[in-house]
Amino acid sequence: MQESKLLVANWKMNPLSVKDAEEIFEHVANGMEGLASPRIVICPPFPFLASLSRAKERHPLIDLGAQDSFWEDQGPYTGEVSPAMLASLNCSHVILGHSERRRHLGETSAMVRKKIISALKARLTPVVCAENPSQLEETMGGMSKEETDRCIVVFEPSWAISTNEGAREASVEEIKRAAESFRKIVANAPMLYGGSIAAENIAEIVMGAGLRGALVGKASLNAEEFVSMARAIA
Ligand code: PGA
């Protein structure tokens, strides 16, 4: 049986109110009614998780994720959020190692690696981002198959992220090449691509490169467009 596709929404730190967040979530959930694939994972900023966790109870087929989590379970770590806290808010996924965190917060591959291990302990599915094979090797190289099989891996070069100057989506050939190298590090993890994905290019990229799905930033805030993207790869 073909495994269902995956579409992950990374809402980033866009200026939304709780009401906006609830509306986008409801719109997406209603638009997905009756569609078994793709599986949708919505990753809002932390403050919206409590409210969306209640919305998720009405829409169990939509998964909820966070945009980061810390590597310790508890303790004096001001500002950090543990994987267990996320799990208690109905989160099943967490984005880790996004290039924006690596760049603006100095997150290293060693830190991301610790976060992956701790998220797995809390039974979350890490959605691990890497810009290239050597960064994925630093982040996940040498992990056990049991660990890597429980992760989702995203090829997301920062030059492809829509909000970066001169951004363009990676070509199918570039994605295929990266995916082939990624496979040597994480043999079975579902593979996604992220960077300037929109309704017009998603099918060509996901199907063309033989991927499980995509990680979508900016375009995921437009509920209608996001549902069109989902339908394009259903
Ligand atoms: P984008 O962002 O879809 O706006 O390019 C993707 C991401 O950074 O996750």
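Only residues that are in contact with a helix residue (DSSP H, G or I) (Cβ under 6 Å, 6 or more places away or on another chain), away from the ligand (no atom under 16 Å from the Cβ) and charged (D, E, K, R): list them for the stretch 113-146, please.
The answer is Arg113, Glu137, Glu138.
What number of residues in the stretch 152-199 are of a type in the set (S, T, N, Q) and either within 11 Å of the ligand (Cβ to nearest atom) or in contact with a Gly (Cβ under 7 Å, 6 or more places away or on another chain) (or both)?
Step one: of the stretch 152-199, the residues of a type in the set (S, T, N, Q) are 158, 162-164, 171, 181, 188, 196.
After this cut, where a residue has to be either within 11 Å of the ligand (Cβ to nearest atom) or in contact with a Gly (Cβ under 7 Å, 6 or more places away or on another chain) (or both) as well, the list is 158, 162-164, 196.
So the answer is 5.
State which residue pairs qualify: first residue farther than 18 Å from Gln67 by Cα and inside the stretch 151-166, second residue among the charged types (D, E, K, R) and buried (at least 16 other Cβ atoms within 10 Å of the Cβ) in any location, beta carbons under 8 Å apart, and separation of 6 or more residues or different chains.
Short answer, once both residue conditions are applied: Ala160/Glu169.
Where a number appears in this text, it was derived from the coordinates with a stated rule and is not lab data. These numbers come from a predicted model, not from an experiment. Every residue, glycine as well, gets a Cβ built from its backbone with ideal geometry; the counts of neighbours run over all protein chains shown.
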